[in-house]
Amino acid sequence: MTVQESFSFPLPFPRSSGRGGRYSSRGGGDSSYEGRGGRGGYNSAGRGAGGGRGPGRGHGGDTITFSACKFYAAGNCDRAASCRHRHAVQKVSEAVVSEESDGFRGAVRSLVQWKDKPDHVFSACDDGTVKMWSTTDGSTWTQVTSVQMTEWRHVGDLQEVEGVLYVGYGTPYAHLADVTVDALRVMDLTSGSTQELVSSVTGFAHASRINRIMVVKVGADPRVYAGDEEGRITAWARPSPGAPFAQLAQLEGHARAITSLVSTASNGMLWSSSEDGTIRIWNTGTNVCEHTITKDNGGHEGPVAALAIGQSAAEGTLAEYVISGSKDGTMGVFQAADGGLTYKHKCGTGVSAIAAFDPTPGTSALLLVGYEDGTIAVRNFPEFALAFEIHPTSLYVGHSKPVLALLPFNNPSIDDSYFLSAGEDGTMMCWNVHKLTDPSPAK
């Protein structure tokens with residue numbers, strides 16, 4: 001079913017090699033854990049791939065905690081409890097979000113969950129569509145509806161806050177149809193009402209592609225931040241409660257494309273990452289940059305591709321961090337309070353997406369890391385220990401191109417832990433992650 005554009009459907013961190021970090025090791029020692037993979041054989045892809053008799057090595061050389069069963073991961077292991085490999089992760093469903101046309105399949109750029117209706121998820125795709133998906137059990141997903149925002153132009157990002165969907169997408173320029181500018185639409189998911197956010201000067205939201213959107217509550221009303229391909233961040237706010245959004249400010253400082261925007265709950269700061277290799281921290285009250293993280297003060301040597309909020313409740317109190325991933329093959333963990341580096345990790349392969357599950361008091365959270373080669377790593381946070389990797393060439397299941405979106409599926413009515421992934425290959429996959437503390441092969 002397709003609807004029209006009205007959209008009217010009702011422990012401490014391990015030691016680190018990063019300079020300046022509180023937990024830095026002497027001499028900048030490598031934070032990776034060494035380990036050797038077992039020999040090839042049943043359920044094995046050979047040395048270092050994560051199959052075989054012993055734990056393999058993941059990206060960056062750190063030891064994989066256990067070897068995941070590749071047959072179970074694909075859904076067809078017939079050895080059950082006698083299997084020597086952990087039945088820890090399983091792809092339970094897959095959806096082709098973008099159909100192939102003329103050899104092209106649009107990349108899936110973003111996944112967001114409808115928090116008031118947690119059995120619904122939205123996807124944003126380069127084919128110009130926003131799709132809504134639903135599930136009853138967390139494992140099987142059905143497309144409910146699809147909105148073609150604009151013909152053969154992209155949808156760059158989505159955010160959902162309090163029943164309102166914020167969508168950045170490409171649209172023809174009013175004065176020359178062959179030129180694409182980007183629009184920013186606010187869509188009420190209950191009433192179906194919409195508003196286009198446009199500059200009073202240009203008549204559109206952004207001249208270049210909107211890559212990321214972040215909605216921050218400042219006082220009682222939401223403030224919308226949109227980061228584009230040219231490194232510009234635009235802030236939009238309501239002049240008065242309930243009034244239409246109007247452009248508030250331009251946040252300038254990045255020299256290349258914005259790749260991620262996140263907001264810290266503890267202090268309401270906006271963090272932005274960019275292909276210029278920097279991370280900036282903005283005061284949302286003044287829209288002024290208060291701190292810049294570069295390669296000289298704990299940042300990355302290459303383009304920063306992703307940011308995520310990570311919380312730790314391992315010691316009984318909730319601590320907030322910002323996790324970054326770079327195309328240079330490193331990850332950083334920073335204090336949300338002041339941007340100080342806590343931990344630096346070598347991955348060995350470019351990072352393309354990050355997401356974290358909410359922690360349970362007294363336990364570690366799960367951290368999901370997507371790579372440019374299609375691999376997804378599952379780690380404990382804050383320990384950063386590598387549990388296992390979903391590698392398309394060793395488990396024979398997963399994404400064939402870079403992972404672009406990761407979404408922990410949080411639904412209190414469903415007991416199992418699921419997460420969704422999407423990528424440049426135009427697909428969305430759902431994964432069931434079993435309890436990593438359970439030593440038995442299968443559950």
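May I ask you to verify whether Asp137 is surrounded by fewer than 16 Cβ atoms within 10 Å (Cβ to Cβ) and either modelled with pLDDT of 95 or more or part of a strand (DSSP E or B) (or both)?
On the way: surrounded by fewer than 16 Cβ atoms within 10 Å (Cβ to Cβ): yes; either modelled with pLDDT of 95 or more or part of a strand (DSSP E or B) (or both): no.
It is false that Asp137 is surrounded by fewer than 16 Cβ atoms within 10 Å (Cβ to Cβ) and either modelled with pLDDT of 95 or more or part of a strand (DSSP E or B) (or both).
For segment 203-214, give me each residue that is in a loop (DSSP other than H, G, I, E, B) and either closer than 22 Å to Ser123 by Cβ or not small (Gly, Ala, Ser) (or both). Working first, answer last.
Here is the first cut: in segment 203-214, the ones in a loop (DSSP other than H, G, I, E, B) are 203-205, 207-209.
Phe204, Ala205, Arg209 - these are the residues of segment 203-214 that are in a loop (DSSP other than H, G, I, E, B) and either closer than 22 Å to Ser123 by Cβ or not small (Gly, Ala, Ser) (or both).
Taking segment 299-313, which residues are crowded, with 20+ Cβ neighbours inside 10 Å and either among the aliphatic types (A, V, I, L, M) or at pLDDT 95 or above (or both)?
First pass over segment 299-313, keeping only residues crowded, with 20+ Cβ neighbours inside 10 Å: 299-300, 304-308, 310, 312.
Once the filter is applied, which keeps residues that are crowded, with 20+ Cβ neighbours inside 10 Å and either among the aliphatic types (A, V, I, L, M) or at pLDDT 95 or above (or both), segment 299-313 yields Gly299, His300, Val304, Ala305, Ala306, Leu307, Ala308.
Is there a residue being in a loop (DSSP other than H, G, I, E, B) and surrounded by fewer than 17 Cβ atoms within 10 Å (Cβ to Cβ) anywhere in segment 82-94? Before the answer, list the steps.
Going through segment 82-94, the residues in a loop (DSSP other than H, G, I, E, B) turn out to be 83-85, 87-88.
From the residues that got through so far, the ones that are surrounded by fewer than 17 Cβ atoms within 10 Å (Cβ to Cβ) too are 84.
Within segment 82-94, one or more residues are in a loop (DSSP other than H, G, I, E, B) and surrounded by fewer than 17 Cβ atoms within 10 Å (Cβ to Cβ).
Which of the residues belonging to segment 340-360 are in a strand (DSSP E or B) and of a type in the set (A, V, I, L, M, F, W, C)? Break it down into steps so the answer makes sense when it comes.
Our first condition is that a residue be in a strand (DSSP E or B); within segment 340-360, this holds for 341-346, 351-356.
Listed by number, the residues that qualify are Leu341, Val351, Ala353, Ile354, Ala355, Ala356.
Taking segment 160-184, which residues are exposed (fewer than 15 other Cβ atoms within 10 Å of the Cβ) and aliphatic (A, V, I, L, M)?
Of everything in segment 160-184, those that are exposed (fewer than 15 other Cβ atoms within 10 Å of the Cβ) and aliphatic (A, V, I, L, M) turn out to be Ala174, Leu176, Ala177, Val179.
Determine which single condition Gly227 fails, assuming it passes every other condition in (1) surrounded by fewer than 22 Cβ atoms within 10 Å (Cβ to Cβ); (2) assigned to a strand (DSSP E or B).
Only one criterion is unmet by Gly227, namely (1).
Can you tell me which condition Glu151 does not meet? The list is (1) surrounded by fewer than 22 Cβ atoms within 10 Å (Cβ to Cβ); (2) over 22 Å from Ser400 (Cβ atoms); (3) in contact with a strand residue (DSSP E or B) (Cβ under 8 Å, 6 or more places away or on another chain), and all the others hold.
With (1) surrounded by fewer than 22 Cβ atoms within 10 Å (Cβ to Cβ); (2) over 22 Å from Ser400 (Cβ atoms); (3) in contact with a strand residue (DSSP E or B) (Cβ under 8 Å, 6 or more places away or on another chain) applied to Glu151, the lone miss is (3).
May I ask you to verify whether Gly253 is among the small types (Gly, Ala, Ser), in contact with a Cys (Cβ under 7 Å, 6 or more places away or on another chain) and surrounded by fewer than 20 Cβ atoms within 10 Å (Cβ to Cβ)? It would help to see each step written out before you state the result.
Working: among the small types (Gly, Ala, Ser): yes; in contact with a Cys (Cβ under 7 Å, 6 or more places away or on another chain): yes; surrounded by fewer than 20 Cβ atoms within 10 Å (Cβ to Cβ): yes.
The answer is yes for Gly253.
Restricting to segment 193-202, and then to whatever is assigned to a loop (DSSP other than H, G, I, E, B) and out of contact with any His (no Cβ under 9 Å at 6 or more places or on another chain), can you tell me which residue is surrounded by the most Cβ atoms within 10 Å (Cβ to Cβ)?
Restricting attention to segment 193-202, the residues satisfying the condition of being assigned to a loop (DSSP other than H, G, I, E, B) are 193, 198-202.
Still in the list and also out of contact with any His (no Cβ under 9 Å at 6 or more places or on another chain): 193, 198, 200-202.
On the way: Ser193: 13, Val198: 18, Ser200: 7, Val201: 7, Thr202: 13.
Looking at the filtered set, the residue picked out is Val198.
Looking at segment 266-339, what strands (runs of 3 or more DSSP E) fall wholly within it and have at least 1 residues that are acidic (Asp, Glu) and within 23 Å of Pro408 (Cα to Cα)? First the steps, then the outcome.
Details: elements: 270-274, 279-283, 288-293, 304-312, 319-326, 330-335.
In segment 266-339, 319-326 are the strands (runs of 3 or more DSSP E) which contain 1 or more residues that are acidic (Asp, Glu) and within 23 Å of Pro408 (Cα to Cα).
Every residue in segment 398-424 that is farther than 19 Å from Val121 by Cα and crowded, with 20+ Cβ neighbours inside 10 Å, please.
Taking segment 398-424 and keeping what is farther than 19 Å from Val121 by Cα, we get 398-402.
Those that are farther than 19 Å from Val121 by Cα and crowded, with 20+ Cβ neighbours inside 10 Å: Gly398, His399, Pro402.
Select from segment 222-271 the residues that are charged (D, E, K, R) and under 22 Å from the mean Cα position of the chain (by Cα) and write down the one among them that is farthest from His154 (Cα to Cα). If you could, list the steps in order and put the result at the bottom.
Narrowing segment 222-271 to residues charged (D, E, K, R): 223, 228-230, 232, 238, 252, 256.
Still in the list and also under 22 Å from the mean Cα position of the chain (by Cα): 223, 228-230, 232, 256.
Values: Arg223: 23, Asp228: 13, Glu229: 13, Glu230: 16, Arg232: 19, Arg256: 19 Å.
Result: Arg223.
Report, by residue number, each residue of segment 372-393 that is buried (at least 24 other Cβ atoms within 10 Å of the Cβ) and not aliphatic (A, V, I, L, M).
Passing the criteria: Thr375, Arg379, Phe381, Pro382, Phe388, Glu389, His391.
Just give me the residues in segment 175-213 being under 22 Å from Lys115 (Cβ atoms) and of a type outside the set (A, V, I, L, M), in sequence order.
Arg185, Asp188, Thr190, Ser191, Gly192, Ser193, Thr194, Gln195, Arg212
Could we say that Gly192 is over 25 Å from the mean Cα position of the chain (by Cα) and either under 22 Å from Leu165 (Cβ atoms) or of a type in the set (A, V, I, L, M) (or both) here? Spell out the reasoning first.
Values: over 25 Å from the mean Cα position of the chain (by Cα): yes; either under 22 Å from Leu165 (Cβ atoms) or of a type in the set (A, V, I, L, M) (or both): yes.
Spelling it out, Gly192 is indeed over 25 Å from the mean Cα position of the chain (by Cα) and either under 22 Å from Leu165 (Cβ atoms) or of a type in the set (A, V, I, L, M) (or both).
If a residue must be touching a Ser or Thr at 6+ places or on another chain (Cβ under 7 Å) and either modelled with pLDDT under 95 or more than 18 Å from Lys346 (Cβ to Cβ) (or both), how many such residues does segment 283-298 contain? First the steps, then the outcome.
Initial filter on segment 283-298 (touching a Ser or Thr at 6+ places or on another chain (Cβ under 7 Å)): 292-294.
The next check asks that each one be either modelled with pLDDT under 95 or more than 18 Å from Lys346 (Cβ to Cβ) (or both); those that pass are 292, 294.
Summing the residues that are touching a Ser or Thr at 6+ places or on another chain (Cβ under 7 Å) and either modelled with pLDDT under 95 or more than 18 Å from Lys346 (Cβ to Cβ) (or both) in segment 283-298 gives 2.
The values are calculated or read from the model by the stated rules, or taken from the named source; none is laboratory data. In this text, all values refer to a predicted model and were calculated from it rather than measured experimentally. Neighbour counts are summed over all protein chains in view; Cβ atoms, including those assigned to glycine, are modelled from backbone coordinates with ideal geometry.
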